[in-house]
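What follows is a set of notes on a single structure, which appears directly below.
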Amino acid sequence: MVKILIEVRFHGRGGQGAVTAADLLAVAGFKEGYYTLSFPMFGAEKRGTPVVSFLRISDEPIVARDEVYNPDYVVVLDPTVMETVNVVSGLKKGGMLIANYPKSSEDLKKKVKADEMGIKVATINATKMAMEVLGRPITNTAMVGAFGGATRLISLETLVEVVKEWFKGELAEKNAKLVEEAYRYMMEVCRNED
Amino acid sequence: MKKVVRGFYSVAYSVKLCRPNVICAYPITPQTEIVENLAAMYANGELGEAEYITAESEFGAASMLVGASAAGARVFTATCSQGLILMSEVLFNAAGMRLPIVLVNTNRALSAPLSIWNDHQDSMAMRDAGIMQVYVENNQEAHDMIPQAYKVAENKKVLLPFMVCMDGYKLTHAYEPVDLLEQEMVDSFLPPYEPAAYMTTKKPLAFGCYAPPHIYMEFRVAMQQAMERAKDVMLDVFKEWAEVSGRDWGGHITVDFPDSKIFVVAMGSVVGLLRKVVEELRNEGLSVGLIKIRTFRPFPVEELREALKDAEKVIVLDRSVSFGYEGPVSIELKSAIYGYSSAEIYSFAVGLGGRDMPKDFLAKIIRDVAEGKERPGFAFKGYQEFEEVIP
């Protein structure tokens, strides 16, 4: 069996659900048969301050609880975080930055010097999507969908199932819709990339 | 059933299955969600006859548990850091009164400066209280440890408080797969608490009262004897747990690669990563093994003597400091193996206040010791050079 270990780092701002995004994917990944571990790097948890969380997905039990320094994927929930935080720090060559970003992938590629680093970049306007569906700029579920669509590690069906278990009532339906929209959008973006 | 749950829930769910009579707590990060989960279960009527009491402080919480436990109740609380320190006056009493209180300490650094992050300074401050201390490696072990803690603490040969120590954040906030226990299994493993003596108006008793010099010392000798008996009781309970749950977490210590020349000794959540590091270093040809200390009180003296008798170098990774000497685990280990091992002891304080301990950092410490780049003795590892302002 091929041993896989996928490490992901999430960047967001307090209140957007960067921690929950990693947690949702940990639950979903396990449903798909992987071992998973998610954990936050807590600061003083204030609304609006930069927040980081981590996710590991593997086909063997995960024992490493140190922070993720060389992620395979970086997921950014808030475009403004990138103004103060070097989100691509340590991102593996061949790795991917999946960002909530209002402009094109090409624009962000230049900004983070993607070609020099040998990384891929995929963007989605998750804030706009979240405003349309939820009426609030909370982007975690959109970015969970985007991660799924970009990586194809976890099926859309599983993500929708997990989101419906996590949230209740109308919020569950809206977030499931958001996950699906982002998933399909990102799948398309990444297909065009290849 | 195996499910991805948060560390908090793995503890709270296990506590519920142990059918406590009284839960009393005061919130403190990173413990709060344990008692929040229990409070929600209580509100939903899932805790049977249990009373859930919100305290005005940790001091109050511990005090109420002393009362409840003395009245014969099975009790639970969770705390950490400043909260544990605030409880300490009461907890020393609880041990002296021989009350089998089970508490979870979600290990967190002590102030000052204020830190909400993980190290072991808080539980180490309770070292001499007469409280049993077990450190867990992951959330499954935390989940499994709760019923075992009650079974050991409530054994009439023991009757002492039991503190399950789990690393704050690293475990409490982590979502990971946990095989959740079944009620029937816990019921058959853990019988209802039958106190040896308890407060009742029918047969009035006093707990922890005045003991003048002609009688005090005997109570303290009895505590030590109870701790010594606890070592055997724990082994029986650990073994029974392995049989009924199918998960064998080992005895007071676990030893990976017992024939090694160099050993790393650690407690808590860093052990998992260390196991990986040790495996990789062995692939490079280093003769290195790993000792996980599970039981810190009672201390595994004989086990460490046996495991380290032929060791050449021992690296102890402490997550706290006894200022003016060195890390407490190292102090205890040296004292335990004195005269039984001629190993050089390398005592390192690491990961204080949540300082991360990446894989490469751990590997370098071991490699440097193996290559003779370190001297035996005490040192801090993983801090930045700085200039002290005051001198």
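Exactly one residue among B:333, B:362 is in contact with a helix residue (DSSP H, G or I) (Cβ under 7 Å, 6 or more places away or on another chain), within 12 Å of another protein chain (Cβ to nearest Cβ), modelled with pLDDT of 95 or more and crowded, with 19+ Cβ neighbours inside 10 Å, and that residue is B:362. Look through region A:111-146, keep the residues that are over 15 Å from the mean Cα position of the chain (by Cα) and of a type in the set (D, E, K, R), and return whichever of them is nearest to residue A:21 (Cα to Cα). Filtering region A:111-146 for residues that are over 15 Å from the mean Cα position of the chain (by Cα) and of a type in the set (D, E, K, R), the one nearest to residue A:21 (Cα to Cα) comes out as A:136.
Which one of these is within 24 Å of the chain's Cα centre (by Cα), over 30 Å from residue B:100 (Cα atoms) and surrounded by fewer than 21 Cβ atoms within 10 Å (Cβ to Cβ): B:279, B:312, B:302, B:306? On inspection, the qualifying residue turns out to be B:306. Going by what's in this entry, would residue A:88 be described as not aromatic (Phe, Trp, Tyr) and not in a helix (DSSP H, G or I)? Answer is yes for this residue. Restricting B:369, B:389, B:321 to those that are of a type in the set (A, V, I, L, M, F, W, C), within 20 Å of the chain's Cα centre (by Cα) and away from chain A (no Cβ under 14 Å) reduces the list to B:321. Please verify whether region A:47-62 includes one or more residues that are more than 17 Å from the chain's Cα centre (by Cα) and among the aliphatic types (A, V, I, L, M). Looking through region A:47-62, at least one residue is more than 17 Å from the chain's Cα centre (by Cα) and among the aliphatic types (A, V, I, L, M). What are the residues in region A:11-34 that are within 25 Å of residue B:354 (Cα to Cα) and either within 12 Å of another protein chain (Cβ to nearest Cβ) or assigned to a strand (DSSP E or B) (or both), if any? Once the filter is applied, which keeps residues that are within 25 Å of residue B:354 (Cα to Cα) and either within 12 Å of another protein chain (Cβ to nearest Cβ) or assigned to a strand (DSSP E or B) (or both), region A:11-34 yields A:11, A:12, A:13, A:19, A:20, A:21, A:22, A:23, A:24, A:25, A:26.
Just to confirm my filter: which strands (runs of 3 or more DSSP E) fall fully inside region B:285-380 and include at least 1 residues that are small (Gly, Ala, Ser)? Per the criteria, B:288-293, B:344-349, B:377-380.
Each residue in region B:263-286 was checked for being in contact with a helix residue (DSSP H, G or I) (Cβ under 9 Å, 6 or more places away or on another chain) and without any contact (Cβ under 8 Å) to a residue 40 or more places away in the chain, and 1 of them qualify. Answer with yes or no whether residue A:94 is farther than 21 Å from residue A:188 by Cα, in a loop (DSSP other than H, G, I, E, B) and without any contact (Cβ under 8 Å) to a residue 60 or more places away in the chain. So residue A:94 does not fit the description; no. Of the residues A:150, A:64, the single one that is among the small types (Gly, Ala, Ser), in contact with a helix residue (DSSP H, G or I) (Cβ under 8 Å, 6 or more places away or on another chain) and within 14 Å of chain B (Cβ to nearest Cβ) is A:64. The residue that is farthest from the other protein chains (Cβ to nearest Cβ), among those in region B:115-157 that are outside any helix (DSSP H, G or I) and polar (S, T, N, Q), is B:155. State whether one or more residues within region A:110-124 are closer than 21 Å to residue A:151 by Cα, surrounded by fewer than 19 Cβ atoms within 10 Å (Cβ to Cβ), in contact with a strand residue (DSSP E or B) (Cβ under 8 Å, 6 or more places away or on another chain) and not aromatic (Phe, Trp, Tyr). No, there is no match, as no residue in region A:110-124 is closer than 21 Å to residue A:151 by Cα, surrounded by fewer than 19 Cβ atoms within 10 Å (Cβ to Cβ), in contact with a strand residue (DSSP E or B) (Cβ under 8 Å, 6 or more places away or on another chain) and not aromatic (Phe, Trp, Tyr). Of the residues making up region B:158-191, just one is aromatic (Phe, Trp, Tyr), facing chain A (nearest Cβ under 9 Å) and surrounded by 24 or more Cβ atoms within 10 Å (Cβ to Cβ), namely B:175.
Going by the structure shown, is residue B:247 within 14 Å of another protein chain (Cβ to nearest Cβ) and either outside any helix (DSSP H, G or I) or surrounded by fewer than 20 Cβ atoms within 10 Å (Cβ to Cβ) (or both)? Spelling it out, residue B:247 is indeed within 14 Å of another protein chain (Cβ to nearest Cβ) and either outside any helix (DSSP H, G or I) or surrounded by fewer than 20 Cβ atoms within 10 Å (Cβ to Cβ) (or both). Under the condition of being touching an Asp or Glu at 6+ places or on another chain (Cβ under 8 Å) and not small (Gly, Ala, Ser), which residue from region B:339-354 is surrounded by the most Cβ atoms within 10 Å (Cβ to Cβ)? By that ranking, first place goes to B:346.
The values are calculated or read from the model by the stated rules, or taken from the named source; none is laboratory data. This one's a predicted model, so the numbers in the text were calculated from it and none came from an experiment. With ideal geometry, Cβ positions are generated from the backbone for all residues, glycine too; neighbour counts draw on all protein chains shown.
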